[in-house]
Amino acid sequence: MQSVHIVSAYDEELKFLARKIAAMGGQAERMVDQAVAALVNGDPELGQRVIADDAQLDDAEREIDDKAILIIARRQPMAKDLREVIGAIRISADLERVGDLGKNIAKRVSAVAEGRQPNSLFRGLQALAELALTQLKEVLDVYASRSVEKIGFVRDRDEQIDAMYTSLFRELLTYMMEDPRNITPCTHLLFVAKNIERIGDHATNIAETIYYIVTGEQMPPERPKEDESHRVTVSGGANPA
Amino acid sequence: MAETSTHTRAKRTAKLSAGRLYQNRWMLAAGVIAVLAMHVAGYRSVPFTAMVIGALALFALVAPRTPAARRLADEAARTERSPLDRLSGEKLAAAVADPLIIFDRDGMVVHANEAAQSAFGAIPPDLPLLLKFRAPEMQSLIEAVLGGEGNGHATDYVERVPFERVYRVTGSAVGRGTGLFVLAFRDQSEARRIDRMRADFIANASHELRTPLASIAGFVETLRGPARNDPNARDQFLQIMQNQTGRMARLIDDLLSLSRLEMKPYLKPGARVDLRQTVEAVIASLAPLAAETGVVVERDFAEGPFEVHGDRDELFQVVQNLLENACKYGQSGGRVIVSMRRTVGEGEPEVEVSVRDFGPGIPAEHIPRVTERFYRVDVETSRAHKGTGLGLSIVKHILSRHNGRLSIKSELGQGSAFTVHLPLR
């Protein structure tokens, strides 16, 4: 992006892509934030607004795709420029998914809001969402500053998110066993937690793409271990935490 | 440097004397004419001399007026120009306490003042502003300012993570045709935070306070009814009631200190804390608790000073809460090791203060959650040790204000280690 091309319109096009990605990122961050807020505060109206916002994100992704294809066809980018263009396509796809996950959380607002749930159920979700949003924000900040040497934090935090998710999973299972009436809301919250955890994964994907754009190399392949909720079982006699 | 200054000084003196000569050129000319006239008409008639004198007086009358007016005008121009002209935008921005970002017409950052850097993280020059501030309303504000419309346009900007902040942002062009624009942020978090605190307090505290209150009410009822004449039961019930009121008092203390922390999320710059002295003070102040629980506190400090940027009372509380927990919940291990060393974590030098106990340890699924408010690994144990469920939440809050973090390692049956990481600057 720092390089200057003879055709200034080419530079403009690359900058346009970067700006569009940033705008998409901002929109996605906002959607997730508002979706979780709507869920915690039991605010279905805010949820509806989040659902409506998703269309903008879809449009933005399509626009980035079109623009990227045009750049490839017209300018035949090389090396870093090519990585920049391909990276934009990949990042926009990830961000679009983040938006979808946000929308999915928003859709569950009314189902969960029907019976008021205890506060403690949401506190964990809020903490998880905060972690995922911090992850997303820092990754997008790195996209702006291109300082990939600091990108190691992404994996640490991804591990934290997974651990938190596993813990929430266990907690929700316990609530369901306590009282069958909890099963409906807790199942929704389980999906919400999963969605938030997925958002963290997409942020990690974006970080890997940024690393590739800037260095031309793939990030060393030490993916953190998966979440361990697939191993979590709560036996019948388990005492509630 | 000295050479250039003497050079400029000489230049200025020459300019000044030339200016003075120019100012008095009329007086000079008048003198010369007078001398010439006396010389030529030395022997002429009296009226002629009188005429010359009259002419001189006229000159004297007229001449001083012009230079005086000009001098005044010059002076006015000089005062108008010099102090402001020499003022650099950077220094002006540094003197402003609110975050301020100057950017050019390509949307690239030209300069971000200290307040902006500490509020939003590093903002190097040439960073595209639209990539840094991605919230939709910021995007439209910046675009409006760059497009030349919306001068003095304002919007609200909310930054959620790592802690919530609300800003009123105003964007405007700097002067006319400079090609520079400025974003000024005004922090409005406080009002928002008070609102939020009230909601939080009602949600959390009411629930936590209701339990001891219900138990006190129950015992009062029993004391007035069935147990009225039973001294043994009365004593026992009064003891329980005393414990419950104590718990409520502690809970309120903790809630208040958490609220105080949330009210002022920024640290005063410049304050430095000697961690070694702080940790020693904590160990000394908790000696009674350690003795009571039968725990031996061991020190393992590296050599040299441990100075960090921060607030002493707050860091004291961090170490105090950790050591208190270690003594209470790691009681069965019989000892606690407090260690302090310098490391390089995440590329930056930092100080690690670690409190390790040899108690039962924390099950892995609880570790990520223990810093949440009112989260307890085991409600019974926590109650027995007079815990409020807020200690680690306070620790986490203080550390995030210090750009630090807390890491927790624990193995069942082996004990746990809580480590505070603080940047060394």
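The values are calculated or read from the model by the stated rules, or taken from the named source; none is laboratory data. Quantities reported herein were computed from a predicted structural model and do not represent experimental measurements. Here Cβ is always computed from backbone atoms with ideal geometry, including for glycine, and neighbour counts include all displayed protein chains. These area figures cover heavy atoms from the full protein model, side chains too; ligands, DNA and RNA do not enter into them. Shrake-Rupley method; radii C 1.70, N 1.55, O 1.52, S 1.80 Å.
Chains B and A together bury roughly 2600 Å² of accessible area, counting both sides, with a 1.4 Å probe on protein heavy atoms only. Buried on complex formation within segment B:105-138 (loss of at least 50 square angstrom of accessible surface versus the isolated chain, 1.4 Å probe, ligands and nucleic acids ignored): B:Leu131, B:Arg134, B:Pro136. Computing Rg and the Kirkwood Rh from the Cα coordinates of segment A:104-207 gives a ratio, Rg/Rh, of 1.06.
Quick one: accessible area per residue over segment B:89-187, 1.4 Å probe, rounded to a whole number of Å²?
45 Å²
A P(r) calculated from all alpha carbon pairs of segment A:13-63, with 5 Å bins opening at zero, reads 4, 21, 25, 20, 13, 9, 5, 2, 0 percent.
In straight-distance terms, cross-link reach from B:Lys91 covers every one of the aspartates and glutamates whose alpha-carbon lies under 15 Å from its own, apart from those fewer than eight places away in the same chain; here that gives B:Glu114.
Could you rank the peptides B:362-371, A:194-203 by their average count of other C-beta atoms within 10 Å per residue, with the highest value first?
For the peptides B:362-371, A:194-203, the packing ranking is A:194-203, B:362-371.
If you wrap the Cα atoms of segment B:336-407 in a convex hull and average its projected area over all directions, you get 5.7 nm². Ignoring aspartates and glutamates fewer than eight residues from B:Lys328 along the same chain, the ones with Cα atoms less than 20 angstrom from its Cα are B:Asp253, B:Asp254, B:Glu280, B:Glu292, B:Glu298, B:Asp357, B:Glu372, B:Asp378, B:Glu380, B:Glu411. From largest to smallest, the equivalent ellipsoid semi-axes obtained for segment B:267-425 from the alpha-carbon gyration tensor read 24, 17, 15 Å. Peptide A:120-130 is shielded by partner chain Cβ atoms: per residue, an average of 3 of them sit within 10 Å of its Cβ.
Peptide A:15-23 shows a mean partner chain C-beta count of 4 within 10 Å per residue C-beta.
When only alpha carbons of segment B:89-187 are considered, Rg and Dmax amount to 12.3, 38 Å. Using only the C-alpha atoms, the convex hull of chain A corresponds to 113 Å³ per residue.
Solvent-accessible surface of segment B:267-425, taken per residue with a 1.4 Å probe and all protein chains present: 45 Å².
Ignoring ligands, DNA and RNA, what percent of the accessible area of segment B:284-425 is carbon or sulfur (1.4 Å)?
Ligands and nucleic acids excluded, carbon and sulfur give 50 percent.
Per residue, the solvent-accessible area of segment A:8-231 (1.4 Å probe, heavy atoms of protein chains only, all protein chains present) comes to 43 Å². Considering protein heavy atoms only and a 1.4 Å probe radius, which residues within segment A:156-181 exhibit an accessible-area decrease of no less than 40 Å² in the full assembly relative to the chain by itself? Buried-area filter returns A:Met164, A:Ser167, A:Arg170.
Apolar share of the accessible surface for segment B:190-265: 56 percent from carbon plus sulfur atoms, 1.4 Å probe. In chain A, the portion of solvent-accessible area held by carbon and sulfur atoms comes to 51 percent [1.4 Å probe, whole percent, DNA, RNA and ligands not counted].
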